[in-house]
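Coordinate-derived values only; no laboratory data. Note that this is a predicted model, so its numbers are computed, not measured. Cβ placement follows ideal geometry from the backbone for every residue including glycine, while neighbour counts extend to all protein chains displayed.
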């Protein structure tokens, strides 16, 4: 884990409600694994007083820079658009948390994301494609402009299904995945951004007998387990008979879906 006052290479609108900040952070980028996150402090402001966690959207090929896609929702993210200009600085800590795991012999995986949850998936997709794994994407958002990373999936040639609330192509985007699993073998599922999609993914993975993981979204002030502000209840065993409490920043943000999905 490193704390850096990183140089901002760019910070500009990405698509829809989202912005993309690109920072020079080789110490973090070199060590970061898909699914891990960083904690960013808004300099010169007490609103918000605490750091904010963000999934890493992408890492440069030379592992010197990292990108964070963020949705402008409240005062903190609004300030990020103005207090971290190109040529400015970004106070960032990372890499933090437990990331995704790819099965050693995986040949085909599916990634399922909604809204800003999609931003947790490109680092996994980059690694999977580099290892020769075929990736299918199932992406959902309120409307088309708010589906991020389409260019990344297209760059890798990933078959992609889209679902938007204003022009739905199915009840939920996982319906497209469910229609595929009878003719295509998948080795693992990965989901982020929606509890509803997480439940559907978990049920489908359980039926197929394959692993499935979820990147949990939670406020994580310290990012490394000291403040205990991001505790959630989880299943301590696959049956769900025993429960436990875990910090998302320390034990996650990536969990196996059976740990967090209550069906």
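For the reader, a short list of remarks on this structure follows.
- Segments 120-126, 132-138, 221-227 sorted - mean Cβ within 10 Å per residue, highest first: 120-126, 132-138, 221-227
- Averaging the sequence gap over all C-alpha pairs within less than 8 Å and six or more residues apart, then dividing by the number of residues, gives segment 212-256 a relative contact order of 48 percent.
- Rounded FRET efficiency, nearest 0.05, which uses the C-beta distance separating residue 107 from residue 155 and R0 of 22 Å: 0.60
- The chain: antiparallel DSSP beta bridges as a percent of all, rounded to 5: 65 percent
- C-alpha center-to-center spacing [segment 149-167, segment 37-85] in angstrom: 24 Å
- Kirkwood Rh and Cα Rg combined as Rg/Rh, segment 135-263: 1.00
- For the chain, adding -39500 (n - 2.57) for each run of n ≥ 4 DSSP H residues and dividing by the number of residues yields -6000 deg cm²/dmol at 222 nm.
- To the nearest ten degrees, helix 195-208 and the longest principal axis of the Cα atoms of the chain are 40 degrees apart.
- The spacing between segment 209-223 and segment 100-125, judged by their C-alpha centroids, is 12 Å.
- Contact order for segment 22-160, expressed relative to its length and based on alpha carbon pairs under 8 Å spaced 6+ residues apart, stands at 25 percent.
- Principal axis box of the chain, alpha-carbon based, largest edge first, Å: 53, 41, 36
- In the elastic network of the chain, a GNM with C-alpha springs shorter than 10 Å, the most mobile of 58, 78, 207 is 207.
- Ratio of Rg to Rh for segment 2-96: 0.93 [Cα atoms; Kirkwood radius as inverse mean 1/r over pairs].
- Computed over Cα pairs, the Kirkwood radius of segment 62-167 leads via Stokes-Einstein (1.002 mPa s, 20 °C) to a diffusion coefficient of 136 µm² per second.
- Taking every alpha-carbon pair under 8 Å whose residues sit at least 6 apart, the chain reaches a relative contact order of 19 percent.
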